[in-house]
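The values are calculated or read from the model by the stated rules, or taken from the named source; none is laboratory data. These figures come from a predicted structure and were not determined experimentally. Using ideal geometry, Cβ is built from the backbone for each residue, glycine included, and neighbour counts are taken over all protein chains shown. The accessibility values were calculated without ligands, DNA or RNA, using every heavy atom of the protein model including side chains. Shrake-Rupley method; radii C 1.70, N 1.55, O 1.52, S 1.80 Å.
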Amino acid sequence: MRRRTLLPLVAAAALVAAGCQTAVLHGLSEKDSAEVIAALQEQGIMASKAPDNAEAGTWKVVVPRREASRVWSVLQDYRLPRPSAPGVQRTFGNSLIPGPLQEKALYLENLQGKIAHTLESVPGVVSAGVIVATPDVDLSGQSASEATASVVLEYHPDPSGRAPLREDEVRGVVANGVSDLKPGNVSVVMKAIQLVRPQQTYDFVAFGPIVVAAPSVAAFKILTGGIVAIVLALGASLYWSGRVISELRERLLEAQRPPQAIQKPPKPAA
């Protein structure tokens with residue numbers, strides 16, 4: 001009886017909780033979903049991830065329904081999710097024996113990706129686009145020109161307006177990652193992205209000793225109502241069980257009493 005009473009309440013609470021959430025992104029890798037969730041939570045949006053396709057190993061990002069309209073502007077500011085590069089395989093196609101041009105393109109693609117990942121690992125760097133150009137070597141082993149590189153770095157400035165990296169530091173990272181590349185041959189473009197930090201201007205509502213933020217009042221009422229309903233259901237179940245047990249005990253005691261002898265009525269006097 002107790003299990004039958006709790007199951008509808010639990011199912012109703014699950015439906016209410018599911019109705020307050022909505023998925024905004026699908027088909028993400030675990031790394032991309034983690035980056036999206038970190039950016040959204042930094043802006044005050046309580047995001048979480050859930051499995052999207054078990055076979056493909058992809059994830060989806062779930063946010064409160066009331067915050068769905070603000071998600072896209074936040075993701076645009078953070079340049080998330082990061083777009084995947086076209087890749088050399090898509091450009092040249094799949095070939096069993098790659099040619100010299102394809103081998104060089106694969107090498108540069110891997111090199112550029114590693115340098116960009118290194119720059120993006122610095123806190124405050126949003127995205128880094130790296131292009132490396134290495135000259136061809138003639139038959140004598142000499143190159144007609146020097147290696148060059150260009151970097152476009154997008155970042156979030158700190159409260160004082162400074163970038164997380166200086167231009168000379170970016171040049172040093174790129175030059176150290178490419179052989180025979182001089183820091184002076186690395187061109188750097190720095191682009192600041194201003195973010196509007198969330199302002200916590202919520203009103204608070206007091207329910208006795210409990211203080212709840214105004215946006216959470218509805219969820220608090222639903223949760224409180226569910227808890228009260230569960231307590232009342234458990235109380236009614238215990239009360240009914242007590243009555244049934246008491247009645248059965250009385251019947252058992254009555255059945256165990258010895259039968260009383262039937263007394264004959266006295267004979268009338270003659």
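At a 1.4 Å probe, what is the % contribution of carbon and sulfur to the accessible area of segment 125-196? Display every interim value, and only then the final one.
Working: 2190 of 4220 Å².
On segment 125-196, the fraction of accessible area on carbon and sulfur atoms equals 52 percent.
Sort LEU40, LEU253 by accessible area with a 1.4 Å probe, largest first. The partial results should precede the final answer.
On the way: LEU40 0, LEU253 95 Å².
Result of the area sort, largest leading: LEU253, LEU40.
So what does LEU234 come to for accessible area, using a 1.4 Å probe and Å² rounded to 10?
We get 60 Å² for LEU234.
In terms of solvent-accessible area of protein heavy atoms at a 1.4 angstrom probe, what is the ranking of THR148, THR58, highest value first?
On the way: THR148 60, THR58 30 Å².
Per-residue accessible area, sorted high to low, gives THR148, THR58.
Count neighbours as other Cβ atoms within 10 Å of each site's Cβ, and list the trypsin sites (Lys or Arg not before Pro) in segment 112-168 that are DSSP loop with at most 13 such neighbours.
Numbers: sites: LYS114, ARG162, ARG166; in loops: ARG162, ARG166.
Passing both the DSSP loop test and the Cβ count: ARG162, ARG166.
Order GLU67, GLU30, GLU109, most accessible first, counting only protein heavy atoms with a 1.4 angstrom probe. List each step's numbers first, then the result.
On the way: GLU67 25, GLU30 105, GLU109 70 Å².
These residues rank, largest area first, as GLU30, GLU109, GLU67.
Please give the net charge around SER33, taking every other residue with its beta carbon less than 11 angstrom from that of SER33, where Lys and Arg add +1 and Asp and Glu add -1.
-1
Past the 26 Å Cα-Cα mark, which pairs from LYS31/LYS221; LYS104/LYS191; LYS60/LYS221; LYS31/LYS114? Kindly include the intermediate steps, with their values, before the conclusion.
On the way: LYS31/LYS221 36 Å; LYS104/LYS191 30 Å; LYS60/LYS221 28 Å; LYS31/LYS114 16 Å.
Those over the limit are LYS31/LYS221; LYS104/LYS191; LYS60/LYS221.
Just read off the accessible area of ASP52 with the full protein assembly in place, 1.4 Å probe, to the nearest 10 Å².
60
Just to be sure I understand the model, the point goes 7 Å from the Cα along the line to the Cβ. What's the resulting ILE245 to LYS31 distance in nm?
Calculated label separation equals 6.0 nm.
Which value, in Å² and to the nearest 10, is the accessible area of ARG65 when all protein chains are kept and the probe is 1.4 Å?
Roll a 1.4 Å probe over it and ARG65 shows about 130 Å².
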